[in-house]
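Encoded as structure tokens, the structure appears first; notes follow it.
The values are calculated or read from the model by the stated rules, or taken from the named source; none is laboratory data. In this text the structure is predicted, and so the values were computed from the model without any measurement. Cβ: placed from backbone, ideal geometry, glycine included. Neighbour counts: every protein chain shown. These accessible areas exclude ligands, DNA and RNA; they are computed on the full protein's heavy atoms, side chains included. Shrake-Rupley method; radii C 1.70, N 1.55, O 1.52, S 1.80 Å.
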Amino acid sequence: MSKSNVTLSVSGSNIIIDNVLVRLTIMKPQGLLTAIKYAGIDNLLDTKSNQLNRGYWDINWNLPGGQDRYQLYILLRGSEYSVISLSNDNLEVSFKSSYDPSISGTRLPLTIDQRYIVRSGISGFYCYAIYERPQGCPAFDLVQTRMVFKLQRDRFHYMAITDEKQRVMPMPEDLLPGRGKTLIVPESVLLVNPINPDLKGEVDDKYQYSMENKDGGVHGWISSNPSVGFWIIFPSHEFRNGGPTKQNLTCHTGPTCLAMLHGSHYIGNDMVAHFEQGEVWRKVFGPFFVYLNATKDVSQSYNLWTDAKKQTVMEESLWPYDFISSPYYLTSKERGSATGRLFVQDRYISDSLIPAKSAFVGLSVATTPGSWQTESKDYQFWVQTDLDGNFSIKNVVPGVYGVHGWVPGVIGDYLYHQLVTISQGLETEVGDVIYVPIRDGPTVWEIGYPDRTAATYYVPDVNPIYVNKLFVNTPEKYRQYGLWDRYTDLNPKNDQIFTIGVSDARKDWFFAHVDRRNGNNKYVPTTWEIRFYLQSVAAGIYKLRLAIASATRSDLEIHVNQMNGEQLVFQVTNLGGDNAVCRHGIHGLYQLFSVDISSALLIHGDNSMFLTQARAGDALCGILYDYLRLEAPPT
């Protein structure tokens, strides 16, 4: 790529940043991005949208105790513009809004500094923001914040998220009445008369394109005439809340490209960050990279995606960046690291320690097992172990952390018995650590595979009237719309019965425990039966380990052998709020329950366990089980 000096000029109420490859037009002092010139196109952003709604940061927040978590929404605007650094090679500008407690009224209690960086010879630009609560701020709840790019709707029609998830997308007009029909989920639209007739009969839903943090390094769009790629690249996920398995939106019909930084999707209100009166806080969100590429040969358009993936690897190798001006963003020299080795100890599986291969190990300020999933205020640093269980977590912001982990094939969450301190320039040796997963006795039976998802169960084919062709015959067929009603189609009158030793979980265990739609189109409770044979009954307490991958507004009851009060062994109401059922997810907030079952409730011979989804009248409530295991009393 050619390399020219970065220049800055002022035109009325805008500043213009240009490195010859890319030219940005930004409103001052608001910091709203109104134009991106690239590859001969004057503006990649949607010129049909208001200038305030093309490239912007926004936030959803609440006052304490707010009933509607989205009742307060702000499109973020700066009130102070400044040039942070300027040279021939690098330009960083700031658009800051400062919280002033002397101003009355309901105001967002945050000081926010939005920044853009343009570098010489770089085909793109960097974005980040510093969120800060100075002393004296009132209490508030942070629900969601992100940066949004709305692209030219007449040019950008092709979306790419992974090698497999790529497609021509509907036009925004297709979502309007007459061309689209809104379904039971408001974000879902059945395309009845789309502009592109090839899309007729498909469902468009932004949640179908969600990605886990650990898998979502790059996503974006490719335009036609000319072929230009617009990509959001996350070189790190340390600043995104919820850890590696947190799911976030990426792209959707608009065409819209999102940089999701903090949100509650697929977790629920447990993910909301609550700040107390006077609580001081600061976090740097980003930087992320907006990468632009182009080709004159339309037949080579796919190579723009390939090139974007290569650029992602490059950005990851450069993290943490050495050209960021804020003292709150730490360089590699200002960070530390941690190393160690993780083992699993389960005496009912092996007499020896088992190296935790391909396990996830991370540092988080969360201090209880599994609470990293809902930690929202600080940074998290995660890696996967090698085949021998070794881990090395580099470029960690100094601080005091819990060492967390989870192992595919093993239930529960690991937490090291003491906090560890990461210091600047030093490597902290955690050493050999041993995860002893919860277990009392030998396995009587088990259903599923503990990987924190419901992916190993039966996911049905989509009803043909709601198909999204992108997810036909793929491992992500659970992304299809309306699968909750397929349970009724498969079990119109009687609920599923699973017989241990006979049934196959991949064929006979529906992936979501939902209500059934009856003849009056009402949704009624369902009871799943697990049948199992006991050669003998040991005196004592049996344990049911119930690992739940997701739950939404569910009332779960478990009975043993008889459906009466004496045989009720577990009951929980209004369990979960992650909405994974209607948002086409295979997991949400992972939870693990242990249920005591007295041996007096079991008999020699045939036994049954009944799992009842007792919530009625809710089409979208449901439980996604990860793994179930019945343990005999300890031996």
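Spatial offset of region 492-532 relative to region 134-150 amounts to 42 Å, using the alpha carbon center of each.
Ranked by the mean number of other Cβ atoms within 10 Å of their residues, highest first, the peptides 495-505, 553-563 fall in the order 553-563, 495-505. In order along region 610-620, the phi-based Karplus estimate (6.51 cos²θ - 1.76 cosθ + 1.60, θ = phi - 60°) of 3J(HN,Hα) comes to 10, 10, 10, 8, 8, 6, 10, x, 10, 5, 10 Hz; Gly and Pro are listed as x. The packing ranking of peptides 588-596, 465-473, highest mean first, is 588-596, 465-473, where packing means the average number of other beta carbon atoms within 10 angstrom of each residue.
Compute the long axis of helix 302-318 from its Cα atoms, compare it with the longest principal axis of the Cα atoms of the chain, and write down the angle in degrees, 0 to 90, nearest 10. The helix 302-318 is inclined about 90 degrees to the chain.
Taking a ≥ b ≥ c as the square roots of the Cα gyration tensor eigenvalues, with a/c under 1.5 meaning rounded and otherwise prolate when a/b beats b/c, else oblate, which class fits region 166-262? The shape class here is oblate.
What shape does the chain take by its C-alpha gyration tensor, where a ≥ b ≥ c are the square roots of the eigenvalues and a/c under 1.5 counts as rounded, a/b above b/c as prolate, and the rest as oblate? Write out the running numbers ahead of the final one.
Working: a/c = 1.97, a/b = 1.49, b/c = 1.32.
Cα axes put the chain in the prolate bin.
Could you tell me the distance between the Cα centroids of region 358-405 and region 180-236, to the nearest Å? Each part reduced to its Cα centre gives a spacing of 32 Å.
Of the solvent-accessible surface of region 277-366, computed with a 1.4 Å probe and all protein chains present, 52% belongs to carbon and sulfur. Couplings for region 275-283, taken from phi via the Karplus curve 6.51 cos²θ - 1.76 cosθ + 1.60 with θ = phi - 60°, read 10, 7, 4, x, 5, 8, 7, 8, 8 Hz in order; Gly and Pro are left as x. A 1.4 Å probe run over region 555-635, with the rest of the protein chains in place, finds 34 Å² accessible per residue. Per residue, region 245-403 exposes an accessible area of 40 Å² to a 1.4 Å probe, with every protein chain left in place. Only Lys, Arg, Asp and Glu carry charge here, each on its Cβ (+1 for the first two, -1 for the last two); on that basis the chain has a dipole of about 1480 debye about its Cα centre.
When only the Cβ of Lys, Arg, Asp and Glu is charged (+1, +1, -1, -1), the dipole of region 497-635 relative to its Cα centre reaches about 340 debye. In region 566-608, the portion of solvent-accessible area held by carbon and sulfur atoms comes to 46 percent [1.4 Å probe, whole percent, DNA, RNA and ligands not counted]. Close amide H contacts of D386 (hydrogens built in the peptide plane, cut-off under 5 Å, sequence separation of 5 or more or a different chain): S358.
Counting only protein heavy atoms, what percent of the accessible surface of region 1-106 is carbon or sulfur at a 1.4 Å probe? Of all accessible area on region 1-106, carbon and sulfur atoms account for 46 percent.
Which of K214/K309; K150/K214; K48/K150; K28/K206 have a Cα-Cα distance over 20 Å? Present the calculation step by step, with values, prior to reporting the outcome.
Values: K214/K309 14 Å; K150/K214 25 Å; K48/K150 10 Å; K28/K206 32 Å.
The pairs that break the limit, which is 20 Å between Cα atoms, are K150/K214; K28/K206.
What number, rounded to the nearest 500 deg cm²/dmol, is the helix-based mean residue ellipticity at 222 nm of the chain, given -39500 (n - 2.57) per DSSP H run of at least four residues and division by all its residues?
Details: 3 runs with 26 residues, N = 635.
Helix contribution divided over all residues of the chain: -1000 deg cm²/dmol.
How big is D, in µm² s⁻¹, for region 1-123 by Stokes-Einstein at 37 °C and 0.692 mPa s if Rh is the Kirkwood radius over C-alpha pairs? In µm²/s, the coefficient rounds to 205. Phi angles across region 526-531 convert, under the Karplus curve 6.51 cos²θ - 1.76 cosθ + 1.60 with θ = phi - 60°, into 3J(HN,Hα) values of 10, 10, 9, 10, 10, 9 Hz, Gly and Pro given as x.
Largest first, how would V433, V569, V10 line up by accessible area (1.4 Å probe)?
Numbers: V433 5, V569 30, V10 95 Å².
Of V433, V569, V10, the descending order of accessible area is V10, V569, V433.
Solvent exposure of region 88-223 amounts to 34 Å² per residue of accessible area, where only protein heavy atoms count and the probe is 1.4 Å.
Is region 274-432 best put as rounded, prolate or oblate by its Cα gyration tensor, with a ≥ b ≥ c the root eigenvalues, rounded for a/c under 1.5, and otherwise prolate when a/b is larger than b/c, oblate when not? Here region 274-432 falls in the oblate category. In terms of overall dimensions, the C-alpha atoms belonging to region 215-329 reach 57, 34, 21 Å along their principal axes, ordered largest to smallest.
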